[in-house]
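Notes for the one structure printed next.
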Amino acid sequence: MATPPLAQSPIGIPRSRVRQLMAASIGNVVEWFDWYTYSFLTVYFSSQVFPKTDNPLVPVLSAFAIFAVGFFMRPLGGLLVGAFADRFGRKAAMTFTIVLMGVGSLLLAVTPTYAAVGVLAPIILTLARLIQGLSVGGEFAAATTFLVESAPPGRRGLFASFQYVSTTIGQLLASGLAALLASTLTEADMNSYGWRIPFLIGAVISLVGLWIRKGAEETSAVAEEIKKGEAERPRLFEFLVRYPTKAALIVGITVAGTVAYYTWTTFLPTYAQQNVNFDKADSLTVSTIALVFFMILQPLLGMLSDKIGRRPMLIAFGLAFTLLPVPLLSMLTNSFSSLLLIQCVGMVFLGCYTAIAAAVNSELFPTRVRAAGAGFPYSLTVAIFGGTAPLIGTALKDAGNSGLFPWYMSALALISTLVYVFALKETKDQPLS
């Protein structure tokens, strides 16, 4: 039986697909640069924003708790901004999210110390993270659907991979800048003012992302019909009422992916510092090298999924993260090569998920509710499992049970693997409806 042709962009063929990629990707770089800067610099600013205690892990735990709180705004962003994107278009939604992220980053840059204003310092920090969480949740809902809807026939996996290419570039810039500052400034300078510099840069470059996104072309035909009064606006929870099974399926797909992603790309340097006394500056350098490798993998794996399908890739990822976290993390030492090898091995299999997550999620829903349908259940799962991964890992270390964390990761990976094998149908050849 002949494979049905893939649909073109819902409105038509964009004048420049490269420009579409740039509009989604560059704005996404800004979003994730700001988001990840917080994680990489937690070890420096936590002692400034929170009260000092005898246990040095307490301020770090407090900072990671706010990191998790920011994640819990992501489902709200996925729902509200996703619904906005379904009603008024992907382009308008992406403009809104980049402005929000710039405001949140500026707030972080000017957050006063606990010594200066007391409890107001962590309150301002929390507010900034709530704003950023709302923005990031909405960014995934709008940008991923925009990327997939902009793709030519047979290239949705490739285009979707740029979601994590751009995410990784933002993370890479954050990691690289943090490593540069940590290696050129003294620890005292990093603690006092150095950690503010990347947040200020993020606020400035958000304006660049805003300018680039103004040149994007709308991809949602339904949004255009709504503007003309030719179609009824989708209701806020229409995706859940009409497609509850697909919403639940996204939760199952995402559980393993989000824990593995935030552990391997974000928390692993801190995990190494906590468990094997890894040097702070060296851990940031290792993370930067590993992220370059990870970024290169994304389009290659996205193209592979366009040939062999989404399910085989997800199954490979799920099996690897069911079996590998315990032996890999038990091999971790304080040597540079040890952390680099462990991080890169994990990223090979992690890429089998990240390269195609946007494609799989978007392919499950019709255009009318695609942004909210893909964005809300994904962001909710990320908030519950991804955002709490650093907090759980640090709390287990504080309780003297750090060895349980890789088992926790493997258990969640097993759940998602069962979903990939028994519940997920192949979507790569289904036309976008």
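The values are calculated or read from the model by the stated rules, or taken from the named source; none is laboratory data. All values derive from a computational prediction rather than experimental measurement. Counting neighbours? That spans all protein chains shown, and the Cβs are built from the backbone with ideal geometry, glycine included. Accessible surface areas use protein heavy atoms only, side chains included; no ligands, DNA or RNA. Shrake-Rupley method; radii C 1.70, N 1.55, O 1.52, S 1.80 Å.
Here's a check for you: in the stretch 68-92, which residue that is among the aromatic types (Phe, Trp, Tyr) and closer than 21 Å to residue 385 by Cα is surrounded by the fewest Cβ atoms within 10 Å (Cβ to Cβ)?
72
Tally the residues that are in a loop (DSSP other than H, G, I, E, B) and either among the hydrophobic types (A, V, I, L, M, F, W, C) or over 21 Å from residue 329 (Cα atoms) (or both), restricting the search to the stretch 399-409.
Number satisfying all stated conditions: 1.
Quick test for you: out of 418, 412, 391, 396, pick the one residue that is farther than 20 Å from residue 135 by Cα, modelled with pLDDT under 85 and assigned to a helix (DSSP H, G or I).
391
Let me spell it out: the conditions are (1) surrounded by fewer than 24 Cβ atoms within 10 Å (Cβ to Cβ); (2) under 30 Å from residue 226 (Cβ atoms); (3) among the charged types (D, E, K, R), and residue 368 meets all of them except one. Which number is the exception?
With respect to (1) surrounded by fewer than 24 Cβ atoms within 10 Å (Cβ to Cβ); (2) under 30 Å from residue 226 (Cβ atoms); (3) among the charged types (D, E, K, R), residue 368 is out only on (1).
Are there any pairs, at least 6 apart or on different chains, whose C-beta atoms fall under 6 Å, with the first in the stretch 146-172 and touching a residue at least 40 places away in the same chain (Cβ under 8 Å) and open to solvent by 30 Å² or more (accessible area, probe 1.4 Å) and the second of a type in the set (Val, Ile, Thr) and part of a helix (DSSP H, G or I), and if so, which?
That search, which allows pairs on different chains as well, returns 169/29.
Report yes if some residue within the stretch 195-213 is crowded, with 18+ Cβ neighbours inside 10 Å, modelled with pLDDT of 85 or more and either in contact with a Cys (Cβ under 9 Å, 6 or more places away or on another chain) or not in a helix (DSSP H, G or I) (or both); otherwise report no.
yes
Could you tell me which of the residues 392, 415 is free of Cβ contacts under 8 Å to residues at least 60 places away in the same chain and either of a type in the set (Val, Ile, Thr) or surrounded by fewer than 20 Cβ atoms within 10 Å (Cβ to Cβ) (or both)?
When all the criteria are applied, what remains is 392.
Of 224, 238, which residue is at pLDDT 90 or above and of a type in the set (Asp, Glu)?
Every option except 238 fails the conditions.
Which helices (runs of 4 or more DSSP H) sit wholly inside the stretch 232-349 and have at least 2 residues that are more than 30 Å from residue 80 (Cβ to Cβ), open to solvent by 40 Å² or more (accessible area, probe 1.4 Å) and among the hydrophobic types (A, V, I, L, M, F, W, C)?
Once the helices (runs of 4 or more DSSP H) in the stretch 232-349 are filtered for at least 2 residues that are more than 30 Å from residue 80 (Cβ to Cβ), open to solvent by 40 Å² or more (accessible area, probe 1.4 Å) and among the hydrophobic types (A, V, I, L, M, F, W, C), what remains is 280-308, 310-323.
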